Every structure is written in C-alpha cells, then in structure tokens.
1. Given the criteria open to solvent by 20 Å² or more (accessible area, probe 1.4 Å) and of a type outside the set (A, V, I, L, M, F, W, C), does Gly111 qualify?
2. Of the residues Thr145, Thr172, only one is closer than 28 Å to Glu50 by Cβ, open to solvent by 40 Å² or more (accessible area, probe 1.4 Å), touching a Gly at 6+ places or on another chain (Cβ under 9 Å) and polar (S, T, N, Q); which?
3. Out of (1) in contact with a helix residue (DSSP H, G or I) (Cβ under 9 Å, 6 or more places away or on another chain); (2) open to solvent by 60 Å² or more (accessible area, probe 1.4 Å), the odd one out for Gln133 is which?
4. Take the stretch 43-66 and flag every residue that is over 26 Å from Ala238 (Cα atoms) and open to solvent by less than 30 Å² (accessible area, probe 1.4 Å).
5. In the stretch 67-92, which residues are open to solvent by 40 Å² or more (accessible area, probe 1.4 Å), closer than 28 Å to Tyr124 by Cβ, assigned to a loop (DSSP other than H, G, I, E, B) and free of Cβ contacts under 8 Å to residues at least 24 places away in the same chain?
6. Can you report the number of residues in the stretch 184-213 which are farther than 21 Å from Val258 by Cβ and either loosely packed, with under 13 Cβ neighbours inside 10 Å or of a type in the set (Lys, Arg) (or both)?
7. What pairs come out if I take residues in the stretch 254-279 that are more than 30 Å from Asp76 (Cα to Cα) and pair them with residues that are open to solvent by 50 Å² or more (accessible area, probe 1.4 Å) and assigned to a loop (DSSP other than H, G, I, E, B) whose C-beta lies under 8 Å away, six or more apart or interchain?
Amino acid sequence: MTNKTVKKFLCLILAFLLAILATGCSFNSYSAEELKASYKTFFENSFNEELYYWKETVNASDYSSWRTCNVYAQIDKKYELIRDENGELANMKISLTEEYNKKNTYKAMCGKSFSSNTGETKSYLFENDFDKQGKEINYRKTEITPQEYVASDDFISRFSLETMLRELEYLTVDDMVFNIDNALLQHRGKTIKFSFAVTDDYIERFKTEFGKSSMFEGSKYATMEFAYDRFASIVVYAEEKLGSGISADKEIYKLEVVYYGPIVNLPSYDSAPWADAELIK
C-alpha cells in the first residue's frame, strides 16, 4: 500500500468519525449532572401528554401480573390531536386489561358505542371480570364519557400515568448509585438510557413517606430510558440464586410507555352480552 493510499484511507476514517460526532450518536456524551438537570422535566413532559399506552409486568417471588392502559384518540397526518367544537379529544377511547398469574382477571373499555339497532351513540364504560377457567363474567356498563372517566378517582388511582410514575418522579438522581457492575449512561440522538442502584436511605425514606415498599426493595439494579424528553421505560432486576454459587439477573418489574397506542374498538351497547349487562348508576 502506497503512502498516498494510506493517507486517503486515514482521511476516510477521520471523516467517518467526525460524521458520527456531528450527528450526536456518541454513546458517552452524557453525565449524571446532565441527567440531574433534566430528570424532573422529563416526567413533567410525560404528564403533559393526554394520550398514552403503558404496559406493566411484575414478576414477584410469589406471583406475577400484567396490566395495560391505553388512552387513545384520533390524530391528524401531522400527528397533532384532533379536537371537536368543544375542545374535547376526537373519538377518545380507553382500554384496560389485567392479568394475575398468567390468567385474565379484568377488562374494560370506555368511549362512544353505537346501537346495533338504531345507530344511536352513547358513551359507556364496559367492564367484565374472568372466572378461574378464563371465562368472561360479571358484565356491567356505566354511562360515562371517556373524558369523565379519565378524570375519575377510580381511574386516577389505578391507571393514570401520574400514578404509575409516582415513585420514579419521587426518586432523585442523588438517590441513585451509578458505580455498579452493570454501569450504563448513554445518550444517543433523542434517547437517554442508564443503569443504577438505589441507596438504602432511599428505600427507608420511601417506606416512611408512602407506607409501602419501594419497587426497588430487594433489587440489584435497574435500567431506565427516556426518549424525546419523556419517560419511556424502567426495568428492575434482582439477583436470582441458581445454586452452587451460580446466580443470574432476574427481571422483577417492568414498565413501558409510548404516547400513542393501538386503535380501540368498542362493542355495541345493545348487543350481546352488553344488552343484558348490569347497568351501574
């Protein structure tokens, strides 16, 4: 290889590296101090979103659970929210599911429902439970708009994004320990991903403040991700003993959030099984 060829090759490498830096694709250009400056803002941005779809998975030592919540409405081609003449979200719908030990336990949908006979529309919350064999039971419906339901105490306490992210918002960067075996602090484009453990003081402070155990109690470390200046996910790991001095990291908690979920389809309020469902006042 001639000196001229070597120089060309080195120039190409240098140009490639400069291109990576220019596009902000470096994995190592983020610090704990930068995270601290933006951490609370990321949650505030999440809470300002009117639409969201979250999935929660729990793998405790004695049970497992899986829940989803989808707050949906129509958007235009520019991904902007469509509103009606009253300023309400167009075609707003809500879908909820719950599982316990891999068995369905609860399902709900809320929004405008069409009559199968007249085409008239009414807004209902449709709910049902499941028996031990997985059969749907206890059909019930409540005449309520999705706007009213999403603002209700029942929804807020069980399914709102603020409730799901309450502990993570309460957590501070000062409560985090970054000097761990699985250390990670990456910033690539619009995504920030980092791993951390929490201090013992935080575990005790949370229990005193809220009267319950932290999601991090008994954990080894966690990985959190922000995307487009909003919360995206948290995964909490614990050390699982496999015997003979062997252990592995076990995922014990996971919460994922996106800010536009799948389309929700509601049943007709006067078709089976909802025509004879218990009407909740």
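1. Answer is no for this residue.
2. Only one candidate passes the filter, namely Thr145.
3. Among (1) in contact with a helix residue (DSSP H, G or I) (Cβ under 9 Å, 6 or more places away or on another chain); (2) open to solvent by 60 Å² or more (accessible area, probe 1.4 Å), the lone unmet condition for Gln133 is (1).
4. Correct list: Ser46, Leu51, Tyr52.
5. Gln74, Asp76, Glu80, Ile82, Asp84, Glu85, Asn86, Asn91
6. Final tally of qualifying residues: 11.
7. Note: pairs meeting the criteria are Asp270/Ser116; Asp270/Asn117; Ser271/Ser116.
The values are calculated or read from the model by the stated rules, or taken from the named source; none is laboratory data. Just so we're clear, the structure is a prediction, and the values are computed from it rather than from any experiment. Backbone-built Cβ (ideal geometry, glycine too); neighbour counts: all protein chains shown. We work out accessible area using only protein heavy atoms, side chains counted, and drop any ligands, DNA or RNA first. Shrake-Rupley method; radii C 1.70, N 1.55, O 1.52, S 1.80 Å.
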